[in-house]
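K.L.:
Got a structure here, written out as structure tokens. Questions coming.
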Amino acid sequence: MQYPSAASQYEDFLRAVFPPSNGETGAGALREDAGPRAAEPVPELEVQARWFAGEFGRDFVGRDGEAVEIVQFGHWNRSAGPDFTEAVVKIDGVVRRGAIEVDLTATDWEAHGHGANPDYDEVVLHVHCDGRQAAAPRFFTRTSRHQAVAQLPIDLAASDEPAGHWGHLPVARRGRCATPLREMGEAALESLMTAAAQYRLRRKARRHEVLAATHSDGQALLQGTAEALGYRHNKLTMAVLAQRLSLATLKRQAAPEREALLFGVAGFLDPERFENTADPEARHYLKSLWDHWWKHRAQHEPEAPHRRLPWRMAGTRPVNHPQRRVAALAALVNDWPAYARLVGARPTESPEGWTRDLTAYLGQLKHAYWSRHYTLKANPAPKPLALIGKDRIQDLLGNVLFPAAISSRPNLWAAYRLLPGSDMNESLKRAALRLFGPDSARIAAATRRYWQQQALLQIYRDFCLRDGSDCADCPFPEQLAQWREG
Ligand code: SF4
């Protein structure tokens with residue numbers, strides 16, 4: 001089926017199963033289906049990053065019914081004080097310039113001492129996540145000068161991929177829908193999976209479009225690329241790195257400066273690291289980074305400790321070390337015109353040519369240091385290392401580049417269908433087991449391609465993660481009959 005007509009079919013299916021409540025029409029790009037909700041607090045940094053990416057929108061109704069429009073999201077603050085500076089907002093049509101503070105709850109304002117701190121006097125908007133708690137006790141945001149600050153409660157579930165940890169993890173065993181799915185027939189199953197996969201791809205495409213509209217096409221590509229390179233443990237941190245060092249900022253610099261900026265803002269250029277590095281090649285490379293970083297340090301280094309980027313190293317294989325991911329991002333930024341041209345290319349011969357060219361381009365990227373080293377301190381590796389490995393290329397294509405391109409080139413759907421499946425992660429294994437039972441041949445056939453894996457993950461998200469009854473009350477098995485008839 002042509003993209004995106006099957007996506008609309010799946011959307012209709014979801015709407016029939018879960019009718020919108022409270023008059024919500026699902027008209028907003030990312031609000032079409034809020035999906036399951038996180039039951040545990042989400043990291044504040046994640047909310048801030050999603051806010052800055054425009055994922056919650058830019059036109060709102062404030063806590064007191066005022067119309068709030070975000071004209072400019074401002075800049076990440078690297079010092080103490082509010083999260084975003086130099087922002088511009090319109091409140092009931094009146095332009096206000098100043099800072100924006102993003103907290104998890106309204107009362108964090110006082111709990112964190114902002115109300116008595118003059119650094120927060122310039123705040124013009126206090127964003128918090130009490131969006132679904134209209135009955136929560138009223139809290140007033142006031143500066144140290146006793147001036148009221150407009151509050152904007154946002155709804156975390158309005159974001160495309162609700163953050164945080166789910167309240168429950170569906171049990172890893174065959175689900176109640178496995179039998180009707182088996183009886184469904186291959187053609188009906190294929191059409192359901194196609195629709196779910198297209199729907200997921202369209203959601204990702206819309207997320208990309210929102211980011212592009214909030215900042216720019218290039219910035220959306222940079223952030224998406226950084227996120228994909230950060231998989232699995234450092235997606236958020238890589239995304240924030242790309243937000244703090246925007247494409248526009250990086251483009252203004254020469255190539256060596258860009259690389260030094262990325263490593264410096266990432267927090268990988270501390271003097272101690274240099275002192276403790278024995279390998280001559282590593283010392284030479286570190287010195288070359290430092291030679292540029294010192295010029296930018298005062299302007300870009302996070303000053304306040306809580307502004308430092310939180311990298312997760314534990315459980316990461318040496319070849320996936322976050323420093324290597326920053327290096328890969330630097331290599332792409334340094335070759336940006338070629339990368340952006342390939343992403344924006346219109347396939348002339350066949351849609352598959354687009355995938356082939358990008359795969360070949362990403363696979364051939366090299367770096368004098370990083371093609372032979374695991375970290376900034378490591379001795380040389382015995383064999384050359386791919387700067388961007390096969391899995392990352394696959395994920396970049398499926399999660400970022402196809403979503404970035406598909407809206408303007410829907411014929412790429414044919415090429416998307418040919419992408420091979422990636423390694424089965426825990427969610428995918430669980431989804432396959434629940435929907436198909438412990439039938440390894442069937443699971444293998446249903447997860448061979450990337451689009452099939454995406455379909456399973458979408459159904460898992462829409463039904464298994466919503467379900468709290470161990471399948472008993474899940475409407476999916478009964479609704480499958482509707483799909484057959486449809
Ligand atoms: S929760 Fe629903 S979709 Fe998930 S396994 Fe159970 S019946 Fe199937």
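Throughout, read-outs are computed from the coordinates displayed, never taken from laboratory work. Here the structure is a predicted model, which is why all the values come from computation and not from measurement. We place every Cβ from the backbone using ideal geometry, glycine too, and count neighbours over all the protein chains shown.
K.L.:
Helix-only estimate, please: 222 nm mean residue ellipticity of the chain, summing -39500 (n - 2.57) across DSSP H runs of length 4 or more and dividing by its residues, to the nearest 500.
P.N.:
-13000 deg cm²/dmol
K.L.:
What size of dipole, in debye to the nearest 20, comes out for the chain about its Cα centre when the only charges are +1 on Lys and Arg C-beta atoms and -1 on Asp and Glu C-beta atoms?
P.N.:
Magnitude of the dipole: close to 1520 debye.
K.L.:
Okay, moving on. Nearest 0.05, what FRET efficiency do D335 and F18 give at R0 = 41 Å with Cβ-Cβ as r?
P.N.:
Once rounded, the FRET efficiency stands at 0.40.
K.L.:
Okay, moving on. Quick one: length gained pulling H306 to A188 fully straight, 0.36 nm per residue minus the C-alpha distance?
P.N.:
Working it through step by step, the gained length comes to 37.3 nm.
K.L.:
Restricting to DSSP loop positions (anything but H, G, I, E, B) with no more than 16 other Cβ atoms inside 10 Å of their own Cβ, which GluC sites (Glu not before Pro) remain in the range 274-342?
P.N.:
E303
K.L.:
If you rank H126, H367 by fewest surrounding Cβ atoms within 10 Å, what's the result?
P.N.:
Final ranking by Cβ density, sparse to dense: H367, H126.
K.L.:
OK, next. Considering just Cα atoms, how many Å³ per residue does the convex hull of the chain enclose?
P.N.:
161 Å³
K.L.:
Any chance you could run the full-extension gain for K251 through L418? It's 0.36 nm times the residue separation minus the Cα-Cα distance, nm to one decimal.
P.N.:
Between K251 and L418, full extension yields 56.7 nm more.
K.L.:
About its Cα centre, how strong a charge dipole does the range 354-486 have in debye, to the nearest 20, once Lys and Arg get +1 and Asp and Glu get -1 at the Cβ?
P.N.:
I would put it at about 820 debye.
K.L.:
Using a Förster radius of 56 Å, what is the FRET efficiency between T316 and A441 based on their Cβ-Cβ separation? Nearest 0.05, please.
P.N.:
Here the calculated transfer efficiency is 0.95.
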